[in-house]
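Peer 1: Take a look at the following structure, please.
The values are calculated or read from the model by the stated rules, or taken from the named source; none is laboratory data. Owing to the predicted nature of the structure, the values given are computational and were not obtained by experimental measurement. Cβ atoms come from the backbone with ideal geometry, glycine included; neighbour counts cover every protein chain shown. Heavy atoms of the whole protein, side chains included, go into the accessibility calculation; ligands, DNA and RNA do not. Shrake-Rupley method; radii C 1.70, N 1.55, O 1.52, S 1.80 Å.
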Amino acid sequence: MTRSDSDSHSDAFVFFGATGDLAYKQIFPALQAMIKHGHLDLPIIGVAKSDWTDDQLRERARDSIEKSGCFDADAFAKLSARLQYISGDYKDDGTYAQLRTALGAAKRPLYYLAVPPSMFGPVTQGLAKSGGAENARVIIEKPFGRDLASAQALNQTLHASFAEDAIFRIDHYLGKEAVENLLYFRFANTFVEPIWHRDYVASIQITMAEHFGVQGRGAFYEEVGAIRDVIQNHMLQVLALLTMEIPDIAAKSDNQRTGPEAVHGATQDAIRDEKLRVLSAMRPLDPSDVVRGQFRGYGDEPGVAAGSRVETFAALRLYIDNARWAGVPIYIRAGKELPVTCTEVMIELKPPRNPVFDTEASGHPNYFLFRLGPDQLIALGTRTKIPGEAMIGGATALVAHRHPGDEMTPYERLLGDALQGSAGLFTRGDMVEAAWRVVDPVLAPASDQSEVAPIAVYEPNTWGPPAAEKIMAGDDQWHNPTSEEAPS
Ligand code: BG6
């Protein structure tokens, strides 16, 4: 097992799975963007089984970047000049020997495993056996297991070759500008923290709605379903950012190291510790807290088994058993073929304790609304007086809206951080296990989905099965995102 030197920048970038889909859709465009912004000046080596040449890899890169709509001739020329290709089987020692030769004088490579999870073990072992794990870092992509037991086994496999601080698990949601802003907004605004707890917060909702279906990825989706695909990871990570305690940066500071980098490192560690703590305080789900749905027509998708009971929609209610959140219902909903594509967080506040005016009457209560994608929006729900003689009010949303500009994509941000050894935006092994612990009781083996919460068919373009309403506590109602520039 090899530790990474967190002070050092990686000096080579190697990506396994160079001919695959992930490299095509995400890695090539991110590499070009990093070069364009002057953040990448090192050898780049693609590895895969196909018998390709360097030029074929360059062609693939060009094609991918053109398709992404971001082609930049200068940056691409530089990328192209740095790209090399190694053809080899991931289970063959010879592949790693070739790689060692190609790495030349590089001492601190970053390896990106854009390969199926079944290959994580063989590749990390091959790297370690060849001496290539020394001082190196490794990036892996979800799924990090398919339940708690398999996630624990995966962590063990990875730890046999790489130390935890050298492993960078990508959850691309954590690389999103709007998700980073959740944390910033919470802790950079004086007015938030005093009310950010059970005395003032009535409920928390997160909805990840996708207007599209499984987009030809039926075979992949059959192995996961909505809970494994986006709730165990993206949604619980967002929830952890919303509900964690204030990170204790001072406790993490290392007196031996000073300056902005040391503060950054301490902050990142402290944040991940608090995220772990709150994930561990989430009560494991009971099947009665979950509603699963499948859109009509899913069964006709290529790659989907006849009579499949895999969920394309899930709605759940959960609780965090700690002093800050005890008793506050938290609702999470994610689904395909819903009326819009939009991810929103709604924090609803309780009404004033001694209402003087009509606050309890009708209309919206006070709330914080965060739209995390596709555009960014923050809205504060307030009540203001309607002009006239009577002291009667109405709902007024104070809205800040941003169209995505030319900000970094999640992959550019995350690859850049991994190259620098900055691990704050990556999911630690203990956090992955804590998140599986929450959803584990409602997961069923792919072979028998009927064991867990029942599944109901819903019509495309609706908000999932009507049963999703039933998990709301008291008078709570789902807030349905729209694609409008102001909340509905
Ligand atoms: C991926 C899931 O992790 O996230 C997909 O596998 C989902 O099913 C995607 O569509 C959504 O990501 P984003 O960034 O478009 O919200």
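Peer 1: If we scan segment 337-346, do we find a residue that is surrounded by fewer than 18 Cβ atoms within 10 Å (Cβ to Cβ) and either without any contact (Cβ under 8 Å) to a residue 24 or more places away in the chain or in contact with a Gly (Cβ under 9 Å, 6 or more places away or on another chain) (or both)?
Peer 2: yes
Peer 1: Looking only at residues in segment 367-409 that are of a type in the set (D, E, K, R) and under 16 Å from LYS176 (Cβ atoms), which one is surrounded by the most Cβ atoms within 10 Å (Cβ to Cβ)? Before the answer, list the steps.
Peer 2: Keep residues of segment 367-409 that are of a type in the set (D, E, K, R), which gives 371, 375, 383, 385, 389, 402, 406-407.
Remaining after also requiring under 16 Å from LYS176 (Cβ atoms): 371, 375, 402, 406-407.
On the way: ARG371: 25, ASP375: 14, ARG402: 15, ASP406: 7, GLU407: 13.
Per the stated criteria, the residue is ARG371.
Peer 1: Being out of contact with any Gly (no Cβ under 8 Å at 6 or more places or on another chain), within 23 Å of HIS159 (Cβ to Cβ) and open to solvent by 80 Å² or more (accessible area, probe 1.4 Å) narrows it down to one of LYS91, LYS67, LYS107, LYS36, so name that one. Steps first, please.
Peer 2: Details: LYS91 fails: out of contact with any Gly (no Cβ under 8 Å at 6 or more places or on another chain); LYS67 fails: within 23 Å of HIS159 (Cβ to Cβ); LYS36 fails: within 23 Å of HIS159 (Cβ to Cβ).
Checking each option against the conditions leaves just LYS107.
Peer 1: Only one residue in LEU377, LEU398, LEU425 is of a type outside the set (S, T, N, Q), in a strand (DSSP E or B), within 16 Å of the ligand (Cβ to nearest atom) and at pLDDT 90 or above. Which one? Talk me through it step by step, then tell me what you get.
Peer 2: Details: LEU398 fails: within 16 Å of the ligand (Cβ to nearest atom); LEU425 fails: in a strand (DSSP E or B).
After ruling out the rest, the residue left standing is LEU377.
Peer 1: If we scan segment 118-127, do we find a residue that is in a loop (DSSP other than H, G, I, E, B), at pLDDT 95 or above, surrounded by 20 or more Cβ atoms within 10 Å (Cβ to Cβ) and in contact with a Ser or Thr (Cβ under 8 Å, 6 or more places away or on another chain)?
Peer 2: First pass over segment 118-127, keeping only residues in a loop (DSSP other than H, G, I, E, B): none.
So far as segment 118-127 goes, no, none of its residues is in a loop (DSSP other than H, G, I, E, B), at pLDDT 95 or above, surrounded by 20 or more Cβ atoms within 10 Å (Cβ to Cβ) and in contact with a Ser or Thr (Cβ under 8 Å, 6 or more places away or on another chain).
Peer 1: Just checking, does segment 239-248 include any residue being crowded, with 19+ Cβ neighbours inside 10 Å, within 13 Å of the ligand (Cβ to nearest atom) and of a type in the set (A, V, I, L, M, F, W, C)? Break it down stepwise before answering.
Peer 2: Just the residues of segment 239-248 that are crowded, with 19+ Cβ neighbours inside 10 Å, to begin with: 239-244, 247.
Still in the list and also within 13 Å of the ligand (Cβ to nearest atom): none.
No.
Peer 1: So MET208 clears everything in (1) more than 16 Å from the ligand (Cβ to nearest atom); (2) in contact with a Ser or Thr (Cβ under 6 Å, 6 or more places away or on another chain) except one condition, right? Which one?
Peer 2: (1)
Peer 1: A further question follows. If I filter segment 318-353 down to residues being of a type in the set (D, E, K, R), more than 16 Å from the ligand (Cβ to nearest atom) and farther than 19 Å from ALA434 by Cβ, which single residue comes out as nearest to the chain's Cα centre (by Cα)? Steps first, please.
Peer 2: Step one: of segment 318-353, the residues of a type in the set (D, E, K, R) are 321, 324, 333, 336-337, 344, 348, 350, 353.
With the extra rule that they be more than 16 Å from the ligand (Cβ to nearest atom), the set shrinks to 321, 324, 348, 350, 353.
With the extra rule that they be farther than 19 Å from ALA434 by Cβ, the set shrinks to 348, 350, 353.
Working: GLU348: 23, LYS350: 29, ARG353: 37 Å.
Across segment 318-353, the extreme among qualifying residues is GLU348.
Peer 1: Note down all Cβ pairs under 7 Å where the first residue falls in segment 418-437 and is at positive phi, the second is open to solvent by less than 10 Å² (accessible area, probe 1.4 Å), and they're at least six residues apart or on different chains.
Peer 2: That search, which allows pairs on different chains as well, returns GLY421/ARG137.
A quick yes/no check of all residues on (1) at pLDDT 90 or above; (2) in contact with a strand residue (DSSP E or B) (Cβ under 9 Å, 6 or more places away or on another chain); (3) open to solvent by less than 30 Å² (accessible area, probe 1.4 Å):
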| position | (1), (2), (3) |
| --- | --- |
| SER447 | no, no, no |
| ALA453 | no, yes, yes |
| ALA456 | yes, yes, no |
| PRO460 | yes, yes, no |
| GLY464 | yes, yes, yes |
| ALA468 | yes, yes, yes |
| GLN477 | yes, no, no |
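Peer 1: Please determine, by comparing only the residues of segment 167-218 that are part of a loop (DSSP other than H, G, I, E, B) and acidic (Asp, Glu), which one is surrounded by the most Cβ atoms within 10 Å (Cβ to Cβ). Break it down stepwise before answering.
Peer 2: Initial filter on segment 167-218 (part of a loop (DSSP other than H, G, I, E, B)): 171, 176, 189-192, 196-200, 210-217.
The next check asks that each one be acidic (Asp, Glu); those that pass are 171, 199, 210.
Details: ASP171: 25, ASP199: 11, GLU210: 20.
Per the stated criteria, the residue is ASP171.
Peer 1: Also: In this structure, is GLU337 in contact with a helix residue (DSSP H, G or I) (Cβ under 7 Å, 6 or more places away or on another chain) and modelled with pLDDT of 95 or more?
Peer 2: Details: in contact with a helix residue (DSSP H, G or I) (Cβ under 7 Å, 6 or more places away or on another chain): no; modelled with pLDDT of 95 or more: yes.
So GLU337 does not fit the description; no.
Peer 1: Can you find a residue in segment 418-435 that is more than 30 Å from PHE13 (Cα to Cα), of a type in the set (A, V, I, L, M) and open to solvent by 20 Å² or more (accessible area, probe 1.4 Å)? Break it down stepwise before answering.
Peer 2: First, the residues of segment 418-435 that are more than 30 Å from PHE13 (Cα to Cα): 434.
Next, from what is left, pick out any that are of a type in the set (A, V, I, L, M): 434.
Of the ones still in play, those that are also open to solvent by 20 Å² or more (accessible area, probe 1.4 Å) are none.
Looking for residues that are more than 30 Å from PHE13 (Cα to Cα), of a type in the set (A, V, I, L, M) and open to solvent by 20 Å² or more (accessible area, probe 1.4 Å), one finds none in segment 418-435, hence no.
Peer 1: Shifting gears a bit: Considering each residue of segment 158-185, count those that are of a type outside the set (A, V, I, L, M) and more than 16 Å from the ligand (Cβ to nearest atom), and give that number. Step through it out loud before you land on a result.
Peer 2: Going residue by residue through segment 158-185, those that are of a type outside the set (A, V, I, L, M) are 159, 161-162, 164-165, 168-169, 171-173, 175-177, 180-181, 184-185.
Within this subset, residues satisfying the condition of being more than 16 Å from the ligand (Cβ to nearest atom) are 159, 161-162, 164-165, 168, 184-185.
So the count comes out to 8.
Peer 1: Could you check how many residues of segment 219-234 are buried (at least 22 other Cβ atoms within 10 Å of the Cβ), closer than 20 Å to GLU433 by Cβ and near the ligand (Cβ under 8 Å from one of its atoms)?
Peer 2: So the answer is 4.
Peer 1: Continuing with this model, one more query. Going by what's in this entry, would THR343 be described as in a strand (DSSP E or B) and more than 20 Å from GLN205 (Cα to Cα)? I'd like the intermediate steps shown before the answer.
Peer 2: Numbers: in a strand (DSSP E or B): yes; more than 20 Å from GLN205 (Cα to Cα): no.
Against the criterion (in a strand (DSSP E or B) and more than 20 Å from GLN205 (Cα to Cα)), THR343 does not qualify.
Peer 1: Follow-up question, since we're still on this one. Of all residues in segment 275-316, count the ones that are of a type in the set (Asp, Glu) and surrounded by fewer than 18 Cβ atoms within 10 Å (Cβ to Cβ). Break it down stepwise before answering.
Peer 2: Step one: list which residues in segment 275-316 are of a type in the set (Asp, Glu), which gives 286, 289, 300-301, 311.
Keeping just the survivors that are surrounded by fewer than 18 Cβ atoms within 10 Å (Cβ to Cβ) gives 286, 300.
Total meeting the criteria: 2.
Peer 1: Right, something else. Looking at LEU148, is it more than 28 Å from PRO284 (Cα to Cα) and touching a residue at least 12 places away in the same chain (Cβ under 8 Å)? Write out each step before concluding.
Peer 2: Numbers: more than 28 Å from PRO284 (Cα to Cα): no; touching a residue at least 12 places away in the same chain (Cβ under 8 Å): yes.
So LEU148 fails the test.
Peer 1: For segment 12-33, give me each residue that is open to solvent by 40 Å² or more (accessible area, probe 1.4 Å) and farther than 21 Å from LEU158 by Cα. Give the derivation first.
Peer 2: Of all residues in segment 12-33, those open to solvent by 40 Å² or more (accessible area, probe 1.4 Å) come to 21-22, 25-26.
Passing the criteria: ASP21, LYS25, GLN26.
Peer 1: Another question about this same structure. Starting from segment 183-209, take each residue that is under 29 Å from PHE313 (Cβ atoms) and list its partners that are small (Gly, Ala, Ser), counting only C-beta distances under 7 angstrom and pairs at least six apart or across chains.
Peer 2: ARG198/ALA326; ARG198/GLY327; MET208/ALA334; ALA209/GLY335
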